[in-house]
Amino acid sequence: MKILKSALRKGEVTIMVQTLDDLWYLSQVIEPGDLIKGRTLRKIQVRGKEERSSEATKKPVWITVRVESVEFHKYSSSLRASGIITEAPEEVPKAHHTFTFQEGTSATIIKQKWHNYQIKRLKEAASDKAQKTIICVFDREDAAIALLKQQGYQELAQLKGKVEKKAHKTETKNFYKEIISLLKEYEQRYRPENIILSSPSFWKEELMKELGDDELSRKIVLATCSSVQGGIAETLKRPELKEVLKSQTASRESRLVEKLFTEISKSGLASYGQKETISLAQAGAVNILLITDSLIHKTRQQGSFHSIEEAMKNTEKTGGQVHIISSENEPGKKLDSLGGIASILRYKLSW
C-alpha cells in the first residue's frame, strides 16, 4: 500500500492499493461511519437536445460515501465499502453506492478519530516490513545487492567479477567469495530477517555450495531472475519474495501467540475469551491485546463489534498494544480456539 497523503489532524488519509494483501489491511481500518472519497463510475442521465428522451451512461465522477458496511473475503480480489452518497456532482442522485477497492484503487479515508491500531495497520501495509530483507541478484560476471525500503529499494553495491575460462569451464569461486563477504557485512549492518539470492540458471546453487553450512545460509531464500540487469525489480514481483514477507508476519504473530500460551500454561499473566478480556482491558490491566481478523468480521456482521472496539481503545489508552492476528495462519487458528480474543496482562486482578 502507498500512503499518498496523511492529514491525521483533519482525520484524512489518502491511500493507493498496490497488492491484494493491502485489501486485508484496509478491512481492519475502514468501518461504518467513515467517509470514503474517491473517483468512481456512476450512471448519469444524459438528456437529448429536445429534453424529451434521456439515456443513462456511466461516467467517472468524484463522490463521498458514508460507509454503512464493509465486505471482504479472504479469497476475493476486492474489498467493498457500501453506504450513502454525501457529496457528489448535481447530476448524481444522493443514493447508495459501493466503492470497490482493487489493485490500483486510490481513495481518501476520513474518520472522526484515527486510533493507534488503525494507524499501525496502515503503516504495516505501507512498509510491509520490507526493510528487513536484502536482495542479491547475480550471474557468473555481475552482481547487485539492494536493501528493500518502504517504497522501492536502496542499491547497496554493484560487483563485476573476473571470469576466467579454462577448457570451456568457467571459474567463479573468487567472485562468489566476494559476494558472500559483502552479504555478511550487510547482514551485520542491517540485521535482515531474510536474504533473497536471485540468479538465472544454476548460479545461486553454485554460490550456496561455496557458502556451505554457514549461519548466513539459514536466512537465505532462493529465487530466479532472467538477468542481473533489471533483476532486482524482477525479483520484487516473484512469488518467493511475497512468501518471505508473509512468513515474517506469521513469525511475529507466532511469537506473540506462543507467549500467550506460555502464560496460560503456568496460570500466569494471561486472559482469553470476550467477557474476561474486555473487562480486564476496561480495568487497564491489558499489556498486549490479541484479536483475530475473523472475530472482527464476525462481530461487525452481528452488530456486536462495539465491545471489541472499546477493548482496543481502552488498551491503547492505558499504554498497551493491540495486535490483529490473521486467522489464515496457524497462530490465528490457535487464537480462534480461545474465542478469537486474548491478552497478556501487566498485572493480575482479583475478582
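On inspection, Val221 passes the criterion of being assigned to a strand (DSSP E or B), more than 30 Å from Ile341 (Cα to Cα) and not assigned by TED's automatic domain parsing to the domain that holds Glu328. Hey, can you tell me all the residues within the range 293-351 that are among the aromatic types (Phe, Trp, Tyr) and part of a helix (DSSP H, G or I)? Phe305 - this is the single residue of the range 293-351 that is among the aromatic types (Phe, Trp, Tyr) and part of a helix (DSSP H, G or I).
Taking the stated definitions as given, is Ile109 at pLDDT 90 or above, closer than 17 Å to Gly33 by Cβ and crowded, with 16+ Cβ neighbours inside 10 Å? Yes: the conditions hold for Ile109. Considering only residues in the range 139-181 that are under 35 Å from the mean Cα position of the chain (by Cα), at pLDDT below 90 and in a strand (DSSP E or B), the one that is farthest from Lys123 (Cα to Cα) turns out to be Glu155. Quick check on Asp22: is it of a type in the set (Asp, Glu), in the same structural domain as His97 (by TED's automatic domain parsing) and more than 15 Å from His97 (Cβ to Cβ)? When the stated conditions are applied, Asp22 passes them. Can you name every residue in the range 75-95 that is in contact with an Asp or Glu (Cβ under 9 Å, 6 or more places away or on another chain) and assigned to a strand (DSSP E or B)? Of everything in the range 75-95, those that are in contact with an Asp or Glu (Cβ under 9 Å, 6 or more places away or on another chain) and assigned to a strand (DSSP E or B) turn out to be Leu79, Arg80, Ala81, Ser82, Gly83, Ile84. Just one of (1) farther than 17 Å from His115 by Cβ; (2) modelled with pLDDT of 95 or more; (3) surrounded by fewer than 19 Cβ atoms within 10 Å (Cβ to Cβ) fails for Val65. It is (3). Picking from residues in the range 197-241 that are of a type in the set (Asp, Glu) and within 22 Å of Lys184 (Cα to Cα), the one that is surrounded by the fewest Cβ atoms within 10 Å (Cβ to Cβ) is Asp213. Taking the range 295-325 as the range and being surrounded by fewer than 20 Cβ atoms within 10 Å (Cβ to Cβ) and more than 21 Å from Trp114 (Cβ to Cβ) as the test, the residues that pass are Lys298, Gln301, Gln302, Gly303, Ser304. Put simply, of Ala270, Ala285, Ala281, Ala311 the only residue that is of a type in the set (A, V, I, L, M, F, W, C), farther than 20 Å from Leu122 by Cβ and free of Cβ contacts under 8 Å to residues at least 60 places away in the same chain is Ala311.
The values are calculated or read from the model by the stated rules, or taken from the named source; none is laboratory data. Owing to the predicted nature of the structure, the values given are computational and were not obtained by experimental measurement. Quick reminder, even Gly has a Cβ in these numbers, built from the backbone with ideal geometry, and neighbours come from all protein chains shown.
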